[in-house]
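Derivation of every value follows stated rules applied to the coordinates shown; laboratory data play no part. Since the structure is predicted, the reported quantities are computational estimates derived from the model, not experimental observations. Using ideal geometry, Cβ is built from the backbone for each residue, glycine included, and neighbour counts are taken over all protein chains shown.
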Amino acid sequence: MVVAGMTTREVPAVGAGPLPTTTAASTSLGTMMTEGYSVSPTAMALAQELASLLPPTREGLFNPYATPHQMDAHGNSPKAKLGRLGAHLDCDPEVILVGEAPGWRGAAVSGVAFTCEDQILSGAIPRVARGYERLSGYASGPFKEGSAAAVWEILYEVGLAEKAVLWNAIQMHPHLPDNPLCNRTPSTSEVMEGKPAMLALRAAFPKAKLVAIGKKSQGLMDRMGLACDLSVRHPSYGGKPEFQASMRAAFGRRALPN
């Protein structure tokens, strides 16, 4: 299934204020309202397909589109996360950025890879409506994630924020048994359970450049039979400068070959 290009809207630089919220009154023909989001039927169908291809939640591996999270605030249901995913997919992307797996402060609660609660509440994520209610019950404030901040910062800088789709080799949160508030490196067999969804996402956007974030992601794409156009360092553990420099060099001048 190939997703047709959608009309984009102007977005602010990170920190420049919230995005305008799409309302039912401004919804164009061919879109649908899903959990407060104006999403095209094609994009929502893709989100539902990707979610259906992931295995159900089990001990140590959490599916955000199937099971409520321990830290979810009231209203931040799996359906709400699926709605955000549909909104995120509602574009004709130039790039697909793929990590290894979500973190507990990121997609486990937001439903979108490399995206955290704080970014959604501030309206910093294109196509995803600004949140006015907390997504988590974390007492210290909205979840923030360094890798999410680094990724969206460079996407805005190089002009790809409206033209990027973010995903993970396995779009499920791996954690230690009985402790969902931590991150665990997934096994290769666990990650390979994400292959059907990863292949479906790639098939939906065949013209987009595939960018692996981190060596692990690159290796996993190889195992899945997907050729990456670019591999960059993961921004975590001090890798932000190198990650952003690689993205800047590749996309600041649109340096990747056609």
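Would you mention how many residues in segment 63-90 are within 24 Å of Gln218 (Cα to Cα) and surrounded by fewer than 23 Cβ atoms within 10 Å (Cβ to Cβ)?
So the answer is 1.
Would you call Leu97 within 12 Å of the chain's Cα centre (by Cα) and either surrounded by 24 or more Cβ atoms within 10 Å (Cβ to Cβ) or among the aliphatic types (A, V, I, L, M) (or both)?
When the stated conditions are applied, Leu97 passes them.
Where the second residue is part of a loop (DSSP other than H, G, I, E, B) and surrounded by 13 or more Cβ atoms within 10 Å (Cβ to Cβ) and the first is free of Cβ contacts under 8 Å to residues at least 40 places away in the same chain and lies in segment 187-209, which pairs have Cβ atoms under 6 Å and are six or more apart or on separate chains?
Lys195/Met224
Which members of segment 211-240 meet the condition of being touching a residue at least 60 places away in the same chain (Cβ under 8 Å) and assigned to a strand (DSSP E or B)?
Residues satisfying the conditions are Val211, Ala212, Ile213.
If you go through segment 188-199 one residue at a time, do you hit one that is in contact with a strand residue (DSSP E or B) (Cβ under 8 Å, 6 or more places away or on another chain), farther than 23 Å from Ala108 by Cβ and not hydroxyl-bearing (Ser, Thr, Tyr)?
Taking every residue of segment 188-199 in turn, none turns out to be in contact with a strand residue (DSSP E or B) (Cβ under 8 Å, 6 or more places away or on another chain), farther than 23 Å from Ala108 by Cβ and not hydroxyl-bearing (Ser, Thr, Tyr).
Mind checking which residues of segment 37-75 are part of a helix (DSSP H, G or I), in contact (Cβ under 8 Å) with a residue 24 or more places away in the chain and of a type in the set (Gly, Ala, Ser)?
Ala43, Ala45, Ala47, Ala51
Could you count how many residues in segment 129-148 are of a type in the set (Asp, Glu) and either crowded, with 22+ Cβ neighbours inside 10 Å or closer than 24 Å to Leu97 by Cα (or both)?
Selection size over segment 129-148: 1.
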